[in-house]
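Reading through the C-alpha cells given below for one structure.
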Amino acid sequence: MDYLTLKKQVLNKYFSRTNDMQKKAVFRINGAVLIVAGAGSGKTTVLCNRIANMLLFGNAYNSNTVRELSDDDVAFAQSFLAGEIDNFDAAERLSEIFGEDRVKPWNILAVTFTNKAAAELKERLENMGADVDGIWAATFHSACVRILRQDIEKLGMGYKSNFTIYDTDDQLKVIKTVMKEHNISDKAVTPKAVQNLISRSKDKLITPDKFSTKGKNGSDDYQLSTAKTIYTDYQARLEAANALDFDDIIMLTVKLFAQCPDVLSHWQNRFKYIMVDEYQDTNAAQYKLVSLLAEGSGNLCVVGDEDQSIYRFRGATIENILSFEEQFGAEVIKLEQNYRSTATILKAANAVIANNTQHKDKNLWSDLGDGDKIRMDRFSTEQEEAMFITERILDGVKQGKKYADHVILYRNNAQSRTVETTLAKSGIPYKIIGGVRFYERKEIKDIIAYLCVLNNNYDEVRFGRIVNEPVRGIGAATLDELNRVVSGMGISYVQAMCESDSLPSLSRKAKVLVPLGETFSELSQHTDDISDGSLIDDILDRFGYREAMQRQGLEGEVRLENINELKSNMITFAKENEGAGLSEFLEQVALVSDMDSFEADDDKAVLMTMHSAKGLEFDTVFVVGAEENIFPGYRSQFDPMEIEEERRLAYVAITRAKRHLYFTCAKQRMLYGQTMRNKVSRFVVEIPSQYMAYDDHSAVTASAAARSAEQMKPRTSYLQQQQRSYRAGQREMEKRVENVSYAPGERVRHGVFGDGTVLSAKAMGGDWLLEIAFDDKGTKKVAAKFAKMTKI
C-alpha cells in the first residue's frame, strides 16, 4: 500500500465517528470556513475532532507529500487499522508518522458560548489523546478579560490590571446614583432603559462622545440627550472605580487593538487559528474583534446556524453569519444530519423555519425513524394545562423514564408559576433554570463584595454595599463623604478610611473607619494565595459577618452554609487553576452563566425559558403557552424581523426534543394580572397536519377523559380550522407581493412605520426583503409579505 493511501485510511479511521460532511470540516483547517451546523448535527463533535486534527496531524490529509516509512511505522499503522490499538494509545505515534505542519496548542483560540462548553471541549480533546496545554478555549468575555489583564494599562485610560467586573445590578446602582446627582427623574427615563441603551451602544462600539442625541425626525431628543448625560458620567465613574461592565470587556479590547498595533500584532501572532462557536449570536463588537484577530493569518472558522439566532434583544445580529461567506470568501460546509430527534420532529422544525426570509437553504434529516406525532393539547385554563403536564411526566416515569428526561419550556419566566405549583403538589422533583442563582443570594453577594474591595480598593459599588454590612453605624452621609474624598483626592476607599482621623469631614467617624480601613489594608496583602479559602474565613471573622449571621438563628445558619459552599468553590478553583489568585477567581465568578451550572445528571424535571434551553436536549419537551400574544408576543407582531426571531425561537424549542414533543395552550389564562384569551400560536399552525395529533380538552371536564373517537372529532378539527384560516391569510399576503418588485430609491408606505425610501431590495423565496429608511422610524429591514405596504 502506498504512503498516501495508507495515510488517508489511517486518518479516516482515526476520525471514523464523523460522517462525510463532518470529516470535510475536520480536515479543512486553513483559510475561512463557515460550518452551518443544524440543530443536533454534532457540531461539538466536529469542533473537537477539527482541533484534534490540527494538533495531531495538521494539514496532512490535504498534503500530497510522500514520506519514506520504516517497517515498524507501517506495521503500527496497520495494527491501528486492524483495530488492535485504540485512538488514545495510538495518537502520539500516528501523529509522529503522518503529521504535517501540525498546529501548536498556543496558536489556537476556540471561542465558545459558555464557560462550561469551553471546559468540556478541552476535556474531550484530552480524551482523544491531544495535548491541550496552551489552547485558549473560552467565551468572548473570558478571552478578552485575559487580554485586558495583560494589556489594559496600555490604553492610557487609568485602568489597572486588577479591574473589577460589574454585573447588571452593579450597573443599575451606578446609573441610579448618576441620575440622582443630576436630578433626573426615573419617570423621564427609567434606569433599566438607560442600562439597555448603554449596553446596545457598546455592542455597536459607540462611546459616550459618539452617542447620538438625534431622534427619528432628525432633531435633538430629550430622552436621548438625557441618556447621553448619564452614559458619559456612568463611564467616568466606572473608570474612577477601576471597573468594567460586561460590554466594556469586548469594547475596550477592540479599542486596545485599534489604538495599539503592537498589541494587536502580538495577539495575531499568538492566535493563528481561530474558531468561533454560535457565530449566529455575535454582535457588531464581537464581529470587529474576530475580524481584527483573523487579519493576521486568515485562518478563521465559524460554526453556527442562522435558524438558531435568538439573541437580537441582546444586540446579536444575524447578518454576521448570513454575510460571512461573502465577507471572508469562506468555504461553506453544511451539517444537516441530525443525531438527536425523530424524523417527524425535524420535518415539523423544517416546515416552521421555512417561513423565514433570513434563512439559508438546508434540510435537517434523521435516520432515527419517524417516531410519534407531535401533540397539540388545548385546555380551558392554565391550571388544567399544568395538571396535564404533571400527569404526562408521572406516566413517563412509570414507563421507565427519568424525571430529568422531561423539560417544560416557556417564552417568559412569568409562565412558570402555575406549572411549578402543580409539580410541587404532585411530588415531582424539579428545578428552575434562571431562577435565583447561587451567586445572586444576598450573603454570597456580600462576601463577593468584600473580596472585590480587597482586590480593588477603588470599587465604589461593592464598597457601598458592605461598608455598613453588618451594621457599624456608618450611614449614608458618611458614605457620601467618603465618596467625595475618594473622588476629590484620588485615593482609595481603604486609604481614606485609614487616614480619616486627619480628614476634618470624616474625623467624627474615625473610631469606626480607621480600624475598618486597617483590616481591609491588612487582608488586601493576602489576595495572591486563595488555595485554602482562609480569606473567606478572615472576612467572616475580622469583619463580624459570622457573628451577625449566628444571631439570625436558623436562617443565618443556612446563609453560613452557602458561604461555606462559596469557600469550597474557591478552593476547587485554586486547585484547577494553578497560580491563580483572587483576581482570577472573581473574574470566573463574574462571568459564570445559568447554563454553566446546569447538570443534566440531576434527576429532576426541568423548567426553563426557550432561550435557556439552547444547546440542550431532552427525551420529552413540553412547550407551554403556545398562543398568539404569548408566543409570539404581542409587540413582536408589528415588526416582521421580530416575528422571524420568534420563529427561530420556536425552531430552537422544537429541536430540543428527542422523541416526544407537546405543545399546550389554554382557552383562557391569567397572566400579568389579567385574563387572556388567545388563538393558537401561528408556529403550531405552520406545522403540516400529517405530523400532528390534536386534542381539545377544553370542551369537556377532566372526568370525561375516557371519551370516544366520535366525540374527539369536533375537538381535533379545531386546530385544523385554525390552519386553514392561517394559510388562507398567508395566500392573501402572497398575492399582494407576487406581481410587485422593488428597487433602491423607490418610495413606499408601510402600514405601521409610515413612509420611507428603499435602500436595498433582495428577492427571497417568493418575497422581498427590503431595507427601508423610514422618515420617522429610522432604518429597518422588513419582509414585504408581512407588511401592509404600497408604493407612493
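Bear in mind these aren't lab numbers, they're just calculated from the coordinates by the rules spelled out. Since this is a predicted model, take the numbers as computed values, not measurements. Counting neighbours? That spans all protein chains shown, and the Cβs are built from the backbone with ideal geometry, glycine included.
Once the dipole of the chain is set up with Lys and Arg at +1 and Asp and Glu at -1 on Cβ about the Cα centre, which of 273, 424, 792 lies farthest towards its positive end? The one lying farthest along the dipole's positive direction is 792. Each of residue 85 and residue 100 was given a label point 7 Å from its Cα along the Cα-to-Cβ line. The distance between the two points is 2.1 nm. Using the Cβ of residue 43 as centre and a radius below 11 Å, the other residues enclosed give a net charge of -2, where K and R count +1 and D and E count -1.
Around the Cα centre of segment 164-241, unit charges on the Cβ atoms of Lys, Arg, Asp and Glu (plus for the first two, minus for the last two) sum to a dipole of about 240 debye.
Straight-line reach from residue 781: taking Cα to Cα under 20 Å and skipping same-chain neighbours fewer than 8 places apart, the lysines in range are 204, 216, 360, 762, 791. Once backbone amide H atoms are built at 1.01 Å from N, residue 693 has 374, 375, 376 as its partners under 5 Å, excluding neighbours fewer than 5 places away on the same chain. Size check on the chain: the Cα extents along the three principal axes, sorted descending, read 86, 80, 64 Å. Extension gain, residue 511 to residue 67, is 151.9 nm, computed as 0.36 nm per intervening residue step minus the present C-alpha separation.
Taking 25 °C and 0.890 mPa s as the conditions, I'd like the Stokes-Einstein D for segment 164-241 in µm²/s, using the Kirkwood hydrodynamic radius from alpha carbon pairs. The partial results should precede the final answer.
On the way: Rh = 12.7 Å.
Reported coefficient: 193 µm²/s.
Taking a straight line from the alpha carbon of residue 272, these lysines sit under 22 Å away, with near neighbours fewer than eight places off in the same chain left out: 23, 24, 43, 104, 122, 255, 288.
Of the cross-linked pairs 373/667; 176/511; 160/614; 214/780; 173/509, those separated by over 28 Å at the C-alpha level are 176/511; 160/614. How would you classify segment 118-211 from its alpha-carbon gyration tensor, with a ≥ b ≥ c the square roots of the eigenvalues: rounded for a/c under 1.5, else prolate if a/b is greater than b/c, otherwise oblate? Since a/c reaches 1.5 and a/b is larger than b/c, the shape of segment 118-211 is classed as prolate.
Note on 509, 445: ascending count of other Cβ atoms within 10 Å places them as 445, 509, the fewest first. Here the Karplus relation 6.51 cos²θ - 1.76 cosθ + 1.60, evaluated at θ = phi - 60°, turns the backbone of segment 513-528 into coupling constants of 6, 4, x, 5, x, 5, 5, 4, 4, 5, 5, 5, 7, 10, 9, 6 Hz, with x for every Gly and Pro. Taking a Cβ cut-off of under 14 Å around residue 8, the surrounding Lys, Arg, Asp and Glu residues balance to a net charge of +2, with basic ones at +1 and acidic ones at -1. Within the chain, DSSP assigns beta bridges of which about 35% are antiparallel (rounded to the nearest 5).
The charge dipole of the chain, taken about its Cα centre with unit charges on the Cβ atoms of Lys, Arg (+1), Asp and Glu (-1) only, comes to about 3240 debye. By the rule of a C-alpha distance below 17 Å, with chain neighbours fewer than 8 residues away ignored, the lysines paired with residue 180 are 192, 228.
Peptide packing: for 467-476, 118-127, the average count of neighbouring Cβ atoms within 10 Å per residue gives the ranking 118-127, 467-476, highest mean first. Between residue 417 and residue 78, the contour length at 0.36 nm per residue exceeds the Cα-Cα span by 115.9 nm.
Here's the picture: charge each Lys and Arg Cβ at +1 and each Asp and Glu Cβ at -1 in the chain, and of 675, 476, 77 the one pushed furthest to the positive end of that dipole is 675.
Under 1.5 on a/c is rounded, so check that first for segment 103-153, then, if it is not, pick prolate when a/b is larger than b/c and oblate when it is not; a ≥ b ≥ c are the square roots of the alpha carbon gyration tensor eigenvalues. Walk me through the numbers before you get to the answer.
Numbers: a/c = 3.12, a/b = 1.59, b/c = 1.97.
Since a/c reaches 1.5 but b/c is at least a/b, the shape of segment 103-153 is classed as oblate.
Mean residue ellipticity, 222 nm, helices only, the chain: the sum of -39500 (n - 2.57) across DSSP H runs of n ≥ 4, divided by residue count and rounded to 500, is -14000 deg cm²/dmol.
Where a ≥ b ≥ c are the square roots of the eigenvalues of the C-alpha gyration tensor, would you call segment 217-347 rounded, which needs a/c under 1.5, or, failing that, prolate if a/b is larger than b/c, or oblate? If you can, show how the numbers build up before the last one.
Numbers: a/c = 2.38, a/b = 1.41, b/c = 1.69.
Oblate, since a/c reaches 1.5 and b/c is not below a/b.
Charge dipole (Cα centre; +1 on Lys/Arg Cβ, -1 on Asp/Glu Cβ; no other charges) of segment 218-338 amounts to roughly 440 debye.
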